[in-house]
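The values are calculated or read from the model by the stated rules, or taken from the named source; none is laboratory data. Here the structure is a predicted model, which is why all the values come from computation and not from measurement. Every residue, glycine as well, gets a Cβ built from its backbone with ideal geometry; the counts of neighbours run over all protein chains shown.
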Amino acid sequence: MKIDYLNLQRITRQHASEIHEAVEKVVNSGWYLQGEATNDFETSYAKYIGTQHCIGCGNGLDALTLIFRAYKVLGKLHEGDEVIVPANTYIASILSLTENRLKPILAEPDAFLQLDATRIETAITPKTRAVLLVHLYGTCAMNDLINDICHRHSLLLIEDNAQGHGLIWHGKRTGSIGDAAAHSFYPGKNLGALGDAGAVTTDDETLAMTIRSLGNYGSSRKYVFPYQGLNSRLDEVQAAVLKVKLKYLDDDNQRRKTIAERYDEELNQRSIKLVRPDNSVYHIYPILCERRDELQEYLASKGIGTMIHYPIPPHQQACYPEWNSLHLPLTEHIAQTELSLPCHPAMTDEEVETVIQTINHWSETY
Ligand SMILES: *Cc1c(COP(=O)(O)O)cnc(C)c1O
């Protein structure tokens, strides 16, 4: 039996006829950008997340970049301002800051692999203006201490919700708990398009209008340009697909949770360490293993696909030479030991069983 880490073909096939119908409607409409499908999805997604505004854009990185760019245009952030961000995040979180000439301050994670709230306060300087909170692996990174710190120090709270679609914190969806949030609908995300897509959600009307303008060349109305913008818009085909898939997001997340709970209960912890977060939509199911590469190879030899999120942390990447001498032991340890197990809504019980048995066999035998 071959078990894929992720099987997008199967995931798409679950709602194939509805998706085909939605795409065909757009194809036949002759209207492919800034139309009814985008409008519909933005309204539905804002309602789902619980914000006043949703602005579709090209992808998750653009969503993040547009948020910070808009705050600069509005004079709330300035070149050189410091933004606290988890050191073990995906590179896109960091790129959105450096692209805007803001200074990322890398903070180490806690036991759930999320930004460690107790380290935020020590990272704050007179130049700190914001926290970029990443719900990494689909686990809620928000907590009362972060809320309190942001209020006490008047810091903007921006969420990178690329991996956290559907999470709820204190009765509110992530994407609605800070000042603004970026969402990615990259195909492999919990809510995935059939190509690149993203969105910003916020309750701040001025920010929303600025972002919509910046993503549309910086235009306020046709051929009038108050800002130097970019072109980053959600297209009608992706919006139509996303509107269909949004209906199934909560069920898909429930299925991910059922799989994760089986892993939590049935994987034996002899040679691996489980993370066991208490609030997650399990975009990724990470385990930690000192002999990670051996385990990954063994699973591959048994036909089981896994991934590493992420093998090289941002501060050790060649694109950020200024950080290459920085030592962040917890982040580096995660990069060296993390392994992501298959955990997607189209996985069968039998496949989950096989993954568990194969890992437990390895733990006991090797
Ligand atoms: C996927 C992802 C992004 C970037 O989204 P794209 O749509 O691929 O540009 C940003 N941040 C995190 C945490 C992600 O996982």
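Side notes on the structure shown:
- Scanning the stretch 303-340 for residues that are among the acidic types (Asp, Glu) and either touching a residue at least 12 places away in the same chain (Cβ under 8 Å) or closer than 30 Å to Thr354 by Cβ (or both) gives Glu332, Glu338.
- Filter result (more than 15 Å from His165 (Cβ to Cβ) and within 12 Å of the ligand (Cβ to nearest atom)) within the stretch 39-63: Cys57, Gly58, Leu61, Asp62
- Some residue of the stretch 78-87 being of a type in the set (A, V, I, L, M, F, W, C), part of a loop (DSSP other than H, G, I, E, B), away from the ligand (no atom under 16 Å from the Cβ) and in contact with an Asp or Glu (Cβ under 8 Å, 6 or more places away or on another chain): no
- Evaluating Lys72 against the criteria (1) part of a loop (DSSP other than H, G, I, E, B); (2) in contact with an Asp or Glu (Cβ under 8 Å, 6 or more places away or on another chain) leaves one unmet condition, (1).
- Here the condition is being in a loop (DSSP other than H, G, I, E, B) and either under 19 Å from the mean Cα position of the chain (by Cα) or surrounded by fewer than 23 Cβ atoms within 10 Å (Cβ to Cβ) (or both); of Leu106, Leu191, it holds for Leu191 alone.
- With respect to the stated conditions, Ile312 fails to be out of contact with any Gly (no Cβ under 6 Å at 6 or more places or on another chain), among the β-branched types (Val, Ile, Thr), over 29 Å from Arg13 (Cα atoms) and surrounded by 19 or more Cβ atoms within 10 Å (Cβ to Cβ).
- Flag if Ala162 is part of a loop (DSSP other than H, G, I, E, B), touching a residue at least 24 places away in the same chain (Cβ under 8 Å), closer than 17 Å to Leu64 by Cα and within 16 Å of the ligand (Cβ to nearest atom): yes
- Residues of the stretch 320-351 that turn out to be hydroxyl-bearing (Ser, Thr, Tyr) and under 30 Å from Asp251 (Cα atoms), as a count: 2
- Among the residues making up the stretch 217-236, a single one is buried (at least 22 other Cβ atoms within 10 Å of the Cβ) and not in a loop (DSSP other than H, G, I, E, B): Glu236.
- For the stretch 165-188, taking the residues that are β-branched (Val, Ile, Thr) and either within 13 Å of the ligand (Cβ to nearest atom) or free of Cβ contacts under 8 Å to residues at least 60 places away in the same chain (or both), the one that is surrounded by the most Cβ atoms within 10 Å (Cβ to Cβ) is identified as Thr174.
- Pro329 vs. criteria under 20 Å from the mean Cα position of the chain (by Cα) and either surrounded by fewer than 16 Cβ atoms within 10 Å (Cβ to Cβ) or more than 29 Å from Glu364 (Cα to Cα) (or both): no
- Test: residue in the stretch 200-211 that is assigned to a loop (DSSP other than H, G, I, E, B) and on the phi > 0 side of the Ramachandran plot: no
- Cβ-Cβ under 9 Å pairs, at least 6 apart or on other chains, the stretch 123-147 side away from the ligand (no atom under 16 Å from the Cβ) and modelled with pLDDT of 95 or more, far side of a type in the set (Val, Ile, Thr) and assigned to a loop (DSSP other than H, G, I, E, B): Asn147/Ile177
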